[in-house]
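Following: one structure in structure tokens, then a few remarks.
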Amino acid sequence: MGARYYKSNCGNVTLSAGNKKLDKSIAIFNLPAGKQYSCGCDCPGCYAKKAQYLYPQVLPCRIKNWEASKSNNFVTMFCEALNKAIKAGCTVVRLHESGDLYSLDYVYKLEEIAAKYPEIKFYYYTKTDYSVLGSNVNRVNSFLPDGNLNYGKLDYIKVMAQLHNIPVCPVTLQVKNAKCGKTCIMCQTVNNMLFVIH
């Protein structure tokens, strides 16, 4: 069964819930991936860009979210979609399965949203220097302390885990019954993690 979708009343902001790895209790907000959009870079092996090529409906939806995020009523639109997701059982928000923090103004909007929902846990991955602040918000650094990316093939991940004493995502290690948001909530609480490329 595929992801569920929750839209703002005007339809300009869409949250999805769940995917192959993430539990359906996790609402996901995506922006388009790629240097010409919110990322500021084109990372080798970017899985988010791959989805934009494979599924024709993905990129237009992400672009709509991105355009909405620049508008003055983004907070209202996001909250409309999130309220629908919460009614359906979502208790966590993952920002940017695709995309990244692209401006301070956008960061302030996300902080305003997180402050409105103290009972909801927000988490995000970033390669930027921006941070979304809030007691219910967790930042996962996409760069390791040595400047390398936090994902790669298993051999690389094993070396980095030992070198930096950083945990490896059990879902990407394919640990039996590991499910994001169900059996593992590390991304919601830990700032540095490693991921086996998938």
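Every number in this text was worked out from the coordinates using simple rules, so none of it is lab data. The model shown is predicted, which means the values in this text are computed figures rather than measured ones. All Cβ positions, even for glycine, are placed from backbone atoms using ideal geometry, and neighbour counts span all protein chains on display.
Could you run the Karplus curve 6.51 cos²θ - 1.76 cosθ + 1.60 with θ = phi - 60° over the range 119-136 and give me ³J(HN,Hα) per residue in whole Hz, x for Gly and Pro?
Couplings: 7, 9, 8, 10, 8, 7, 9, 8, 10, 9, 8, 6, 9, 8, 9, x, 5, 9 Hz.
Give the aspartates and glutamates reachable from K70 as a straight Cα distance under 18 Å; neighbours fewer than 8 places away on the same chain don't count.
E80, D100, D105, E111, E112
What is the set of long-range amide H partners of N138 at a cut-off below 5 Å, with H atoms built 1.01 Å from backbone N?
Those lying under 5 Å, H to H, from N138 are F122, Y123, Y124.
What are the ³J(HN,Hα) values, in whole Hz, obtained from phi via the Karplus relation 6.51 cos²θ - 1.76 cosθ + 1.60 with θ = phi - 60°, for each residue of the range 182-191 in sequence order, with x given for Gly and Pro?
Those phi angles translate into 10, 9, 9, 10, 4, 4, 7, 10, 9, 8 Hz.
Per DSSP H run of at least 4 residues, take -39500 (n - 2.57); add these up for the chain, divide by its residues and hand me the 222 nm value, nearest 500 deg cm²/dmol.
-9000 deg cm²/dmol
Net charge around N141, counting only other residues with Cβ within less than 14 Å of its Cβ (Lys, Arg = +1; Asp, Glu = -1)?
Charge balance near N141 sits at -1.
If the cut-off is a Cα-Cα distance under 24 Å, which lysines reach K176, setting aside same-chain residues fewer than 8 apart in sequence?
Reachable lysines: K20, K21, K24, K153, K158.
Show the residues, 5+ positions off or on another chain, whose built amide H is closer than 5 Å to the amide H of R4.
Under 5 Å from the amide H of R4: A17.
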